[in-house]
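I have placed the structure first, in the form of structure tokens, so that the comments after it can refer back to it.
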Amino acid sequence: MSFGKLCKTTIAFFSVIFLIFNSTVYVQAATYIQPYSNNNLNQFSLNDIHTIGNISNTKIVVNNLKDIDVDINSNKFKKGYYSSVLYKVISGNWSNYGTLSFDINNKSKGYLSLSYVMQQSNGTSLTVVDNKSVMLKEEKSNLLERVHPSNGSIEIPENFKGTVYIPFSSLGEKGQISNDKKYIISNIVSWGLVATIQENQEKSFELSNFSLINNGEKIDKIGKLNYDITGDSDVQVPVLGESIALYKVIDGDSGLTVDYKNIKFQLKTPVKGVKITNEGRLVISTNVKPQKIKIIAKMGDTSMGEIKEIKLFKSWTLSPNAKDKNGNSQRIPDPSSVPSLMTNGYKLFLNEITINTIRIIVLVMFCAFMGLFFWWKDKYVNK
């Protein structure tokens, strides 16, 4: 089963389960959510967390009603994608809030694929649509990184420890492409997180501090900004000289280029031989190894940065396997590996010292000739 198909199936199954639970425990669920005000955040407890999905090996431990330790594995499973859903049945009106945030500590090897799903009483199931974004903030950083989902899933990097911000303006129905349709987040009956893994994988992560952020708060306003970096996603490492790629930022709503005065490009992690100017001019030197790099476009005086991953690849002409349709090698050899076709005599004759010596001799002979000419002319012709 493909990853995209799995996501659609999981969300559909998730929606049905939510409706069933809503019809049976709706009154009891009204007491589950316990918000309190703390620096314009409304946190809620995580008691009565349920799990569903096709991963039987899922273990959750709730600590102090605010922290959840999650361990899932698909050891000895058949090849494919598997999902484990952590969800909570509630009853609440979230129309006064603009963003959901939670802390996560990814203790897994590799990235963690996570989806957020919200179910409303009218049956509408909302998730983060692919043309929108969420924000990640590492614990020891002030930078808010905008990331875009794939099939509704967010990739949480390995060893990431920080906060995830999900703007409600990024939510839509699965497969939604248009930005025109807006949703009022009210009459919520359930919400959940979907962790997706492949066969023979183990994932371990910790969740805590689930909070609702009021509409109009600074972080909420930042989350509603919609920018995109345009430019090449693949850049060749040069054989000689430098490779240059140009990047700019456009407004995701209007499609217009953003004024460079409000944008500052930088590398997320410094790489020797790679540099980028504030205006988005990426320069790659010859000594750079093929790898993936990330550039950040910081937005004015905000702490938010749009992230773009760029693949640096080696020229195919240097590959020993580069061949045309007839099987002939198209590899351009490195200059140092090309054998010389010149004999020692030619090398001596074309040596820079030899050439300069010849130039001096010719210049001296020319000056001597001109001197003799003027002497002859003055002595014999002008008499």
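Take residues that are at pLDDT below 90 and more than 19 Å from the chain's Cα centre (by Cα) and tell me which of the strands (runs of 3 or more DSSP E) falling wholly in the stretch 115-204 contain 2 or more. Working first, answer last.
Numbers: elements: 125-128, 134-138, 144-147, 153-156, 161-167, 188-198.
Per the criteria, 125-128, 188-198.
Kindly indicate whether Gly80 is within 11 Å of Lys203 (Cβ to Cβ) and either at pLDDT 85 or above or open to solvent by 60 Å² or more (accessible area, probe 1.4 Å) (or both).
Details: within 11 Å of Lys203 (Cβ to Cβ): no; either at pLDDT 85 or above or open to solvent by 60 Å² or more (accessible area, probe 1.4 Å) (or both): yes.
Here the answer is no, as Gly80 does not meet what is asked.
Looking at the stretch 257-268, I want the residues that are more than 13 Å from Glu309 (Cα to Cα) and basic (Lys, Arg) and have a partner that is open to solvent by less than 80 Å² (accessible area, probe 1.4 Å) and not in a strand (DSSP E or B) with Cβ atoms under 6 Å, at least 6 apart or on another chain. Which pairs are those?
Listed pairs, sorted by first residue: Lys264/Asn278.
Assess whether Lys292 counts as being exposed (fewer than 13 other Cβ atoms within 10 Å of the Cβ) and not acidic (Asp, Glu).
Working: exposed (fewer than 13 other Cβ atoms within 10 Å of the Cβ): yes; not acidic (Asp, Glu): yes.
Against the criterion (exposed (fewer than 13 other Cβ atoms within 10 Å of the Cβ) and not acidic (Asp, Glu)), Lys292 qualifies.
Go through (1) closer than 23 Å to Ser84 by Cβ; (2) among the β-branched types (Val, Ile, Thr); (3) open to solvent by 20 Å² or more (accessible area, probe 1.4 Å) for Ile184 and report which single condition fails.
All conditions are met except number (1).
Looking at (1) over 23 Å from Gly162 (Cβ atoms); (2) open to solvent by less than 10 Å² (accessible area, probe 1.4 Å); (3) without any contact (Cβ under 8 Å) to a residue 60 or more places away in the chain, which one does Val128 not meet, given that it meets all the others?
The single condition Val128 does not satisfy is (1).
Considering every residue within the stretch 306-327, establish whether at least one is surrounded by fewer than 10 Cβ atoms within 10 Å (Cβ to Cβ) and either hydroxyl-bearing (Ser, Thr, Tyr) or at pLDDT 75 or above (or both).
The answer is no, given that none of the residues of the stretch 306-327 is surrounded by fewer than 10 Cβ atoms within 10 Å (Cβ to Cβ) and either hydroxyl-bearing (Ser, Thr, Tyr) or at pLDDT 75 or above (or both).
Taking the stretch 340-381 as the region of interest, how many residues are open to solvent by 100 Å² or more (accessible area, probe 1.4 Å) and modelled with pLDDT under 85?
Quick first cut of the stretch 340-381, residues open to solvent by 100 Å² or more (accessible area, probe 1.4 Å) only: 341, 344, 346, 348-349, 352-353, 359-360, 363, 365-366, 369, 372, 374-376, 378, 380.
This time we only want the ones that are modelled with pLDDT under 85, so: 341, 344, 346, 348-349, 352-353, 374-376, 378, 380.
Qualifying residue count, the stretch 340-381: 12.
The values are calculated or read from the model by the stated rules, or taken from the named source; none is laboratory data. What you see is a predicted model; the values in this text were computed from it and never measured. With ideal geometry, Cβ positions are generated from the backbone for all residues, glycine too; neighbour counts draw on all protein chains shown. Please note that ligands, DNA and RNA were not included when accessible areas were found on the heavy atoms of the full protein model with its side chains. Shrake-Rupley method; radii C 1.70, N 1.55, O 1.52, S 1.80 Å.
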